[in-house]
1. How do His152, His80 stack up against each other in accessible area, from largest to smallest, with a 1.4 angstrom probe?
2. Just to make sure I understand: if all protein chains stay in place, what is the order of Asp54, Asp119 by accessible area at 1.4 Å, largest first?
3. Give the Rg (one decimal place) followed by the Dmax (whole number) of the chain, computed from C-alpha coordinates and expressed in Å.
4. In whole percent, what relative contact order does the chain give with Cα contacts below 8 Å and a gap of six or more residues?
5. Quick check for you: with a 1.4 Å probe and neighbouring chains kept, what is the accessible area per residue of the range 1-81, in Å²?
Amino acid sequence: MMAADDIAVHARGLLDTNAFLTLGTVDPSGRPWTSPVYFAASGLREFYWISQTDAVHSRNLSDRPHVSIVVFDSSVRPYHGRALYASGTAGELRGDDLERGLRVYPGPSERGGAVLTRDDVTGSSPYRLYRATATDLWVLCPREPRQPCPLHGLAKDHRTPVEQGPRERPEA
């Protein structure tokens, strides 16, 4: 039987093995916008990325900080979906938050992201470092096609909430 800790480990695996997330924002008139961004995660609920300040999603965040996020494994066969979903708030980092973000982003070197300095994301640079903090987090409940999931016994795609276990606390 799969336990809540197993769901958190599954979620962490999705974050560790995928380099991009789909970021959903909304403009001031309510029009949705999605963007793929390279990310690094701290724990299960903090997502960091860099973007140009004039990118549509960056401009949207300055007016409406609410976001939706999907991290999905596009390498799996059809009907074997693996995905993490989140909703929360996001914004540009400054001060101590920026210093912490620069320690997290771009993640482990084997992921291939370039290490940034404060100068890369401040002042006259067109780039900024952003963080989304998830208030709600789910995964597509892991199961084989046409088989019930071990946690709920449901033989259909469904999301299950992710509880943050002690091993999944954000990095300092």
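1. Details: His152 85, His80 40 Å².
Largest to smallest exposure gives the sequence His152, His80.
2. Working: Asp54 100, Asp119 120 Å².
Sorted descending by solvent-accessible area, the residues read Asp119, Asp54.
3. Cα radius of gyration and Dmax of the chain are 16.7, 54 Å respectively.
4. On the way: 340 pairs, mean separation 47.2, N = 172.
The value is 27 percent.
5. Numbers: 4090 Å² over 81 residues.
Each residue of the range 1-81 exposes 51 Å² on average to a 1.4 Å probe.
The values are calculated or read from the model by the stated rules, or taken from the named source; none is laboratory data. Small disclaimer: the values here were computed from a predicted structure and weren't measured. Areas reflect the complete protein model, heavy atoms only, side chains present, ligands, DNA and RNA absent. Shrake-Rupley method; radii C 1.70, N 1.55, O 1.52, S 1.80 Å.
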